[in-house]
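The values are calculated or read from the model by the stated rules, or taken from the named source; none is laboratory data. Just so we're clear, the structure is a prediction, and the values are computed from it rather than from any experiment. Because the Cβ atoms are built from the backbone with ideal geometry, glycine has one as well, and the counts that use them run over all protein chains shown. We work out accessible area using only protein heavy atoms, side chains counted, and drop any ligands, DNA or RNA first. Shrake-Rupley method; radii C 1.70, N 1.55, O 1.52, S 1.80 Å.
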Amino acid sequence: MTDSTFRDSIATVDKQGKRKWVYAQQPKGRWTNIRSVVSLFYFSVFCCLPFISINGRPLFLLNVVEGRFILFGAIFWPQDFFIFGLAMLAFIVFIVVFTMAVGRLFCGWMCPQTIFMEMLFRRIEYLIEGDAARQRLLNQAPWTTDKIIRKTAKHVIFYALSFLIANIFLAYIIGAGQLKAIITDPLSQHLGGFIAILVFSGVFYGVFAFMREQICTIVCPYGRLQGVLLDRNSILVAYDYRRGEPRGKFRKGQQTDLGDCIDCNQCVKVCPTGIDIRNGTQLECINCTACIDACNFMMEKTGRPKGLIRYASENNIATGEKLRFTPRLKVYSTVLVLLLAAIVSMLVSRKPVSGTVMRAPGILYQEQGPDSLSNLYRIKLVNKTAHDIPLRLKVEEAGGVISMIGNSVIHVKAGGQGEGTFFVVLPKTALHQRKSTVHIGIYDDKNKRISLLSTTFLGPVQ
């Protein structure tokens, strides 16, 4: 292979190991317009989602600190971790299936890094410093008043946007109410929260002002998964080498035996990761479609059919074959469907109130009169509903009774937790072994059983 068809380093690093700054030319075209509309939708969802409430509860909250997660109004606690475990496994399988079928479509159309970088921060840079050529000249020029003003304005806006994003991001973790308290209360009362905002702001500013495409090409592991997930049937942004080669400069009115690629390098100039899509599938490619728009523009100008660079699979380009539902894709899809079915089943069977019953450690049974025994227990309850619930406990086994210590009713607030201590009293005739299983029913104020917990009852040696 020659140097023109093979490379052994990433496109943004030179032979001395130094970074080559990418000056991406601003793309224009159909795909860019579609991505702009999609990005506006994403921006709207991102900015509004943590501030929407239903029945006083956030629509979306990932409170890692308190172990409380709210997804579309439904609250989940650490006790529901098995559901999250299955959901994470299903997500991983989904990524595998998604990537095998459509490559890195997620990176170009849904990844927050790409959306914020290409559709917000880079467009502000175009507005302040101009297109790629003017940015290059500005960076190479000596420090003048104009350069200082432009650079200062860009970085001030970048940091202001990063600060705003950090606040919204924090609202997803601690909630809009707590974020408002950090902003409005005296700084001394929420020093930790303020420091968290500054840290997040610094991270976002560093990513979008300096790291940029390095996040996609060096930090993010997803690109490296392509080597094991993609196959010849995966749909990705691809160059039709059968139609485009051999390349050659365009001469109007001149008949040649060259391919349709006029070697204008426009696809390279608009690439935000600095690669040449004509070299084939590369880990840096984020499927952003900028090269498609640039190539289609040049094809239209030279009177040639569009689609020299397009969404296609290797088999589609080589043989014209359409996407096939391969055996590997079928297996992963089946696993994904089974996981989703299990998750749906768990969500449907999920109780509005969950809890744990623990027998008091180090305490044996107690005699309750001549014919009964008791064990001491402690119960912790989690209310997963949006309203307060008064709860009563009842032994489901015949002859068993509950003797509460304190209030006979456990009041649990909406989305909160409650606990209580009680004795379970059973007749001796109901005990046939050292350890017996008893079931504790949890009833609401309408005497309806909403949950059932089991525990062990310790009796004398038979």
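Taking a ≥ b ≥ c as the square roots of the Cα gyration tensor eigenvalues, with a/c under 1.5 meaning rounded and otherwise prolate when a/b beats b/c, else oblate, which class fits region 114-273?
Oblate, because a/c is 1.5 or more while a/b does not exceed b/c.
How big is the equivalent ellipsoid of region 127-199 along its three axes, where each semi-axis is √(5λ) from the Cα gyration tensor, reported in whole Å from largest to smallest?
37, 13, 8
Rounded to the nearest whole Å², what accessible area per residue is found for the chain with the 1.4 Å probe?
54 Å²
Under 22 Å between C-alpha atoms is the cut-off here; go through region 285-406 and count lysine pairs that meet it, provided they're at least eight residues apart or on different chains.
7
Arrange the peptides 185-197, 276-288, 139-151 so that the one whose residues have, on average, the most other Cβ atoms within 10 Å appears first.
276-288, 185-197, 139-151
Plugging the Kirkwood radius over Cα pairs into Stokes-Einstein for region 287-334, at a temperature of 20 °C and a viscosity of 1.002 mPa s, what D comes out in µm²/s?
167 µm²/s
For the chain, what is the relative contact order in percent, using Cα pairs closer than 8 Å and at least 6 residues apart in sequence?
Relative contact order for the chain comes out at 15 percent.
Given the alpha-carbon gyration tensor of region 67-191, what are the semi-axes of its equivalent ellipsoid in whole angstrom, ordered largest first, with each equal to the square root of 5 times an eigenvalue?
Semi-axes (√(5λ), whole Å): 38, 27, 9.
Using only Cα atoms, what is the ratio of the radius of gyration of region 36-135 to 2.2 N^0.38 Å?
1.43
Need the full-extension length gain, residue 77 to residue 247, defined as separation in residues times 0.36 nm minus the C-alpha distance. One decimal, nm.
Here the answer is 55.2 nm.
Grab the DSSP H runs of the chain that are 4 residues or longer, score each as -39,500 (n - 2.57), total them, divide by all residues and round the 222 nm result to the nearest 500 deg cm²/dmol.
-12000 deg cm²/dmol
Leaving out ligands, DNA and RNA, and with a 1.4 Å probe, what % of the accessible surface on the chain is carbon or sulfur?
63 percent
One-quarter of the Cα convex hull surface for the chain, in nm²?
Over every viewing direction, the Cα hull of the chain projects on average to 33.5 nm².
Starting at 0 and stepping by 10 Å, how many percent of the alpha carbon pairs of region 311-416 end up in each bin?
Binned Cα distances yield the sequence 10, 23, 20, 14, 11, 10, 7, 4, 1.
Of the listed peptides 26-36, 366-376, 443-453, 104-114, what is their order by residue-averaged count of other C-beta atoms within 10 Å, with the highest listed first?
104-114, 26-36, 366-376, 443-453
With a point put 7 Å past each Cα toward its Cβ, work out how far residue 403 is from residue 167 in nm, to one decimal.
So the label points at residue 403 and residue 167 sit 5.9 nm apart.
Hey, if you drop one equal point scatterer on each alpha-carbon of region 164-225 and run the Debye formula without solvent, what base-10 log of I(q)/I(0) do you get at q = 0.25 Å⁻¹?
One equal scatterer on each Cα of region 164-225 leads to -0.97.
Shape verdict for region 247-390, please, from the Cα gyration tensor: rounded (a/c under 1.5), prolate (a/b greater than b/c) or oblate.
prolate
By average Cβ neighbour count within 10 Å, what is the ranking of 397-407, 419-429 from highest down?
419-429, 397-407
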